[in-house]
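Enquirer: Can you read through this structure? Questions will come right after.
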Amino acid sequence: MASEKVVEQRRPSFERLAIDGGTPVRTAPMPPRLLIGMEERQAVMDLFDREMVQGGGFDRYRGTEVDAYEREFAAYFGTKFATSVSSGTAAIHTALGALHPNPGQEVISAPVTDPGAIMPIVWLNCIPVFADVDPGTFNLDPASVAARITERTCAIIVTHLVGQPADLDPIMEIARQHHLPVIEDCAQAHGARYKGRLVGGIGDIGAFSLMGGKHSTSGGQGGMVITNNEEIYWDAKRFADRGKPFNSSERMNLFLGMNYRMTELEATIGRVQLQKLEGIVKRRRDLVAALREEMQELDAVHLGKVIDNVDPAYWFLLVKVDGFKLRASHDRFAQALAAEGLPVTPRYDYLIYESPWFRQRQTFGQSGWPWAAFPAAQQIKYEGSCPKARRAIDTHMVIPFHENYGEQEITDIAKALRKIERAYGPERPAKSST
């Protein structure tokens with residue numbers, strides 16, 4: 001790869017990049033995401049009017065909104081049951097807690113994910129085990145999942161990262177062979193479909209984040225756990241409310257749990273949001289299809305891989321950059337893109353075992369728990385264990401986008417990518433003067 005100084009001298013035949021003093025493709029800021037509208041406002045005002053008459057203080061058990069939201073959420077995603085919680089992290093914690101794992105058991109998970117999908121494993125004194133990924137999608141590689149299973153494995157968490165469904169069928173087959181439950185982490189994949197089915201209702205349990213940045217929200221924070229298994233449902237509901245004896249003849253709490261209740265106010269917003277979800281996801285798919293069409297001529301830059309028989313929900317855009325076809329570094333390309341007026345993050349660099357809290361075992365004081373408590377856990381080697389995940393991170397950039405983008409934004413993204421690829425792409429022979 002040539003130095004950037006040399007590249008600088010070879011650009012005159014192309015449009016000058018903004019990073020070098022040229023005119024940027026875009027100077028206007030990207031449109032804000034207007035997720036909340038008049039429908040949510042009216043629903044909340046109606047709730048206030050009811051609360052001011054009947055009382056309740058938005059208490060989950062003194063109203064009807066949470067119960068209705070749970071029913072509607074389960075129906076939308078095609079499951080029998082849903083229980084609401086206070087966040088996506090709480091959803092993962094509740095899903096695992098409903099399975100009653102023993103301390104020291106292992107939970108297989110994706111290595112590139114939010115800490116909120118891993119910390120619940122540790123809170124339950126279980127051991128995270130990371131399977132490697134398909135470097136084109138960041139999602140779990142079924143072969144790596146199979147290789148990580150031991151006699152201590154108690155569950156598999158499948159993350160549908162960036163709204164792209166993981167390849168569930170082979171993972172489900174592996175799980176069934178070993179009698180392991182599968183939890184789908186759908187925090188970034190509301191409305192994504194795998195072989196025609198909405199993700200979340202395919203595994204044994206689906207866990208959703210409903211925070212403000214997701215496809216739909218219950219008002220800043222919130223989460224949902226869905227399942228077709230009635231026993232899991234009741235234990236999830238119990239775990240999320242301090243082990244209360246729901247659907248039991250017992251009078252007092254049944255087991256250790258957390259207080260993860262959703263409020264009536266959150267559920268009121270969530271119910272309206274759920275009605276908008278299909279349109280939001282469709283709009284995002286249409287925008288990506290238009291962008292993919294405009295990027296067809298590019299050789300070194302492509303939108304992230306989409307596996308067969310899926311319909312992604314596109315939480316943001318993964319852009320793969322083939323460094324072997326460019327005369328600039330990955331970081332230089334990202335800097336040039338930012339200079340053209342596009343929001344960009346050079347890497348989705350969230351490899352969990354590289355995080356300080358994980359490397360230094362900053363968990364339960366200075367104890368090193370749960371690893372320190374179990375000899376088998378101390379033998380697990382994390383560093384470098386998922387090389388495909390690192391390769392995925394180092395070859396993809398992130399371009400934020402959402403359903404409020406329009407034709408101009410898509411045109412500008414494609415134009416900026418073309419402009420930079422032309423400047424940093426392979427040298428083209430000079431035209432003959434004869």
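Enquirer: Which numbered condition trips up residue 71, out of (1) surrounded by 15 or more Cβ atoms within 10 Å (Cβ to Cβ); (2) at pLDDT 95 or above; (3) among the basic types (Lys, Arg)?
Expert: (1)
Enquirer: Would you mention how many residues in region 371-391 are surrounded by fewer than 15 Cβ atoms within 10 Å (Cβ to Cβ) and either closer than 16 Å to residue 107 by Cβ or hydrophobic (A, V, I, L, M, F, W, C) (or both)?
Expert: 2
Enquirer: Also, I was wondering about something else. Got at least one residue in region 36-53 being over 30 Å from residue 369 (Cβ atoms), assigned to a loop (DSSP other than H, G, I, E, B) and under 22 Å from the mean Cα position of the chain (by Cα)?
Expert: yes
Enquirer: Among the residues of region 178-204, which ones are in a loop (DSSP other than H, G, I, E, B), closer than 23 Å to residue 284 by Cβ and either of a type in the set (Lys, Arg) or more than 15 Å from the chain's Cα centre (by Cα) (or both)?
Expert: Of everything in region 178-204, those that are in a loop (DSSP other than H, G, I, E, B), closer than 23 Å to residue 284 by Cβ and either of a type in the set (Lys, Arg) or more than 15 Å from the chain's Cα centre (by Cα) (or both) turn out to be 195, 196, 201, 202.
Enquirer: If you don't mind, there's one more thing I want to ask. Taking into account only those residues within region 227-257 that are of a type in the set (A, V, I, L, M, F, W, C) and under 17 Å from residue 84 (Cβ atoms), which is surrounded by the fewest Cβ atoms within 10 Å (Cβ to Cβ)?
Expert: Top of the filtered list is 246.
Each row is one residue, and each column tells you yes or no for (1) more than 23 Å from residue 305 (Cβ to Cβ); (2) within 23 Å of the chain's Cα centre (by Cα).
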site: 323; (1), (2): no, no
site: 331; (1), (2): no, no
site: 346; (1), (2): no, yes
site: 364; (1), (2): yes, no
site: 367; (1), (2): yes, no
site: 380; (1), (2): yes, no
site: 390; (1), (2): no, yes
site: 414; (1), (2): no, no
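Enquirer: For residue 149, only one of the following conditions fails: (1) more than 18 Å from residue 109 (Cα to Cα); (2) touching a residue at least 12 places away in the same chain (Cβ under 8 Å). What is its number?
Expert: Every condition holds for residue 149 apart from (1).
Enquirer: Report, by residue number, each residue of region 117-158 that is of a type in the set (Gly, Ala, Ser), part of a helix (DSSP H, G or I) and more than 12 Å from residue 180 (Cα to Cα).
Expert: 117, 143, 144, 147
Enquirer: Do we find that residue 298 is farther than 25 Å from residue 142 by Cβ, part of a helix (DSSP H, G or I) and either of a type outside the set (A, V, I, L, M) or in contact (Cβ under 8 Å) with a residue 40 or more places away in the chain (or both) in this structure?
Expert: Against the criterion (farther than 25 Å from residue 142 by Cβ, part of a helix (DSSP H, G or I) and either of a type outside the set (A, V, I, L, M) or in contact (Cβ under 8 Å) with a residue 40 or more places away in the chain (or both)), residue 298 does not qualify.
Enquirer: Tell me the residue from 382, 314, 350 that is at pLDDT 95 or above and touching a Ser or Thr at 6+ places or on another chain (Cβ under 7 Å), please.
Expert: After ruling out the rest, the residue left standing is 350.
Enquirer: Tell me the residue from 347, 418 that is part of a helix (DSSP H, G or I), touching a residue at least 12 places away in the same chain (Cβ under 8 Å) and of a type in the set (Lys, Arg), please.
Expert: Among 347, 418, only 418 is part of a helix (DSSP H, G or I), touching a residue at least 12 places away in the same chain (Cβ under 8 Å) and of a type in the set (Lys, Arg).
Enquirer: Determine the pairs where a residue that is surrounded by fewer than 21 Cβ atoms within 10 Å (Cβ to Cβ), located within region 106-119, has a partner that is in a loop (DSSP other than H, G, I, E, B) with Cβ atoms under 9 Å apart, the partner being 6 or more residues away or on another chain.
Expert: So the pair list comes out as 114/187; 114/188; 114/350; 115/350; 115/355; 116/87; 116/187; 119/363.
Enquirer: Listed residues 129, 162; which is β-branched (Val, Ile, Thr), on the phi > 0 side of the Ramachandran plot and in contact (Cβ under 8 Å) with a residue 24 or more places away in the chain?
Expert: Residue meeting the stated conditions: 162.
Enquirer: Please go through region 134-176 and pick out each residue that is touching a strand residue (DSSP E or B) at 6+ places or on another chain (Cβ under 8 Å) and polar (S, T, N, Q).
Expert: 139, 144, 150, 153, 159, 164
Enquirer: Considering each of 291, 254, 287, 265 in turn, give the residue that is in a helix (DSSP H, G or I) and over 26 Å from residue 192 (Cα atoms).
Expert: After applying the criteria, what remains is 265.
Enquirer: If you scan region 314-329, which residues turn out to be in contact with a strand residue (DSSP E or B) (Cβ under 6 Å, 6 or more places away or on another chain) and either of a type in the set (Asp, Glu) or not in a loop (DSSP other than H, G, I, E, B) (or both)?
Expert: Of everything in region 314-329, those that are in contact with a strand residue (DSSP E or B) (Cβ under 6 Å, 6 or more places away or on another chain) and either of a type in the set (Asp, Glu) or not in a loop (DSSP other than H, G, I, E, B) (or both) turn out to be 317, 318, 319, 320, 321.
Enquirer: Taking the condition of being farther than 12 Å from residue 153 by Cα, of a type outside the set (D, E, K, R) and not in a helix (DSSP H, G or I), how many residues in region 90-116 meet it?
Expert: So the answer is 7.
Enquirer: If you don't mind, there's one more thing I want to ask. Can we say residue 311 is among the acidic types (Asp, Glu), surrounded by fewer than 17 Cβ atoms within 10 Å (Cβ to Cβ), in contact with a strand residue (DSSP E or B) (Cβ under 8 Å, 6 or more places away or on another chain) and at negative phi?
Expert: The answer is no for residue 311.
Enquirer: Considering each residue of region 71-89, count those that are within 17 Å of residue 199 (Cα to Cα), in contact (Cβ under 8 Å) with a residue 60 or more places away in the chain and either not small (Gly, Ala, Ser) or not in a strand (DSSP E or B) (or both), and give that number.
Expert: 11
Enquirer: Going through region 205-232 one residue at a time, which ones are in a helix (DSSP H, G or I) and touching a helix residue (DSSP H, G or I) at 6+ places or on another chain (Cβ under 9 Å)?
Expert: 232
Enquirer: Only one of (1) surrounded by 24 or more Cβ atoms within 10 Å (Cβ to Cβ); (2) touching a Ser or Thr at 6+ places or on another chain (Cβ under 6 Å) fails for residue 201. Which number is that?
Expert: For residue 201, the failing item is (1).
Enquirer: Of the residues in region 187-197, how many are crowded, with 24+ Cβ neighbours inside 10 Å and within 15 Å of residue 278 (Cα to Cα)?
Expert: Here the count works out to 5.
The values are calculated or read from the model by the stated rules, or taken from the named source; none is laboratory data. Treat the numbers as computed from the prediction; the structure is a model and nothing was measured. Every residue, glycine among them, receives a Cβ derived from its backbone with ideal geometry; neighbour counts consider all protein chains shown.
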